[in-house]
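The values are calculated or read from the model by the stated rules, or taken from the named source; none is laboratory data. Every value quoted in this text rests on a predicted model; they were computed, and no experiment measured them. Neighbour counts are summed over all protein chains in view; Cβ atoms, including those assigned to glycine, are modelled from backbone coordinates with ideal geometry. For accessibility, only protein heavy atoms count, side chains too; no ligands or nucleic acids. Shrake-Rupley method; radii C 1.70, N 1.55, O 1.52, S 1.80 Å.
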Amino acid sequence: MISYVRQPTGKMPPVPNSTASDKDLADVYSFLQSIPPSAASSENSHGDAANGKKLFAAYGCYECHDRQGQGASTAPRIGPPGISLVAVLRYVRQPTGQMPPYTAKFVSDQDLADIYAYLSSFPPPAPAANIPLLNQ
Ligand code: HEC
């Protein structure tokens, strides 16, 4: 980080030693390291994606949402999830449409966090503009 700050390659102005010593920059670096990752990424890291994959099959989620949550005629795409883990927890406990509810007794919050991590491991679908067949 220090060498970049002394000689930035982009729009950032260089910071000379007279403004901030190497020691100062080292302190800034430790400060930045001490900041926890954003809420969104730490939310995902609570889940175990490998276990989530097993649970997604074991609880039959795949029967309607397909193996990777990519969606099917029976249910919409949920991988990667377009909603937060909290919203998924709320929805699965009290669905508002066709989906059957799952109580915490049957599928725990931790199970759902694992499933969420599994679903989050998939890339978002390509925008239609990038699919040549749809643009002919
Ligand atoms: C019987 C079919 C079926 C099964 C099994 C099923 N779902 Fe669903 N799910 C649906 C349908 C249909 C919807 C669309 C909304 C609705 O009608 O409830 C949905 C919606 C959702 C949504 C909301 C999507 C959004 O973006 O709002 C989530 C999250 C979800 N399902 C997760 C799960 C999980 C996790 C499991 C397994 C524990 C599961 N579903 C099992 C049919 C199913």
Revision key, fill the gap. For the chain, longest principal axis from Cα atoms; helix 109-120 axis from its Cα atoms; angle between them, nearest 10 degrees, is 70 degrees
Review point. Once both axes come from the Cα atoms, what is the angle between helix 22-34 and the longest principal axis of the chain, in degrees from 0 to 90, rounded to 10?
Key: 10 degrees
Revision key, fill the gap. Expected max-MSF residue from Gln110, Gln94, Gln33 in the GNM of the chain (alpha carbon, under 10 Å) is Gln33
**Study point:** Whole-number accessible area per residue in Å² for the chain, which is evaluated in the context of all protein chains at 1.4 Å
**Key:** 69 Å²
Review point. Taking Lys54 as the anchor, which lysines have their alpha carbon closer than 27 Å to its alpha carbon, excluding any fewer than eight residues away along the same chain?
Key: Lys105
Exercise for review: Using only Cα atoms, tell me the angle between helix 49-58 and the longest principal axis of the chain; keep it within 0 to 90° and round to the nearest 10.
Suggested key: 10 degrees
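Looking at the chain from every direction and averaging, what is the projected area of its Cα convex hull in nm²?
13.2 nm²
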**Study point:** Only Lys, Arg (+1) and Asp, Glu (-1) charged, at Cβ; the range 1-133 dipole about Cα centre in debye
**Key:** 240 debye
Revision key, fill the gap. Check: C-alpha center the range 108-136 vs C-alpha center the range 53-98, spacing in Å is 11 Å
Study note, to complete from the structure: In deg cm²/dmol, rounded to the nearest 500, the helical mean residue ellipticity at 222 nm of the chain, built from -39500 (n - 2.57) for every DSSP H run of length 4 or more, is -12500 deg cm²/dmol
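Quick one: pull the percent of accessible area on the chain belonging to carbon and sulfur, 1.4 Å probe, ligands and nucleic acids left out.
Roughly 60 percent, rounded to a whole number.
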Check your understanding: How long are the three semi-axes of the equivalent ellipsoid of the range 47-120, in whole Å, if each is the root of 5 times an eigenvalue of the C-alpha gyration tensor, listed from largest down?
Key -> 15, 15, 12
Check your understanding: How many nm separate the modelled label positions at Gln70 and Ser34, each set 7 Å beyond the Cα in the direction of the Cβ?
Key -> 4.7 nm
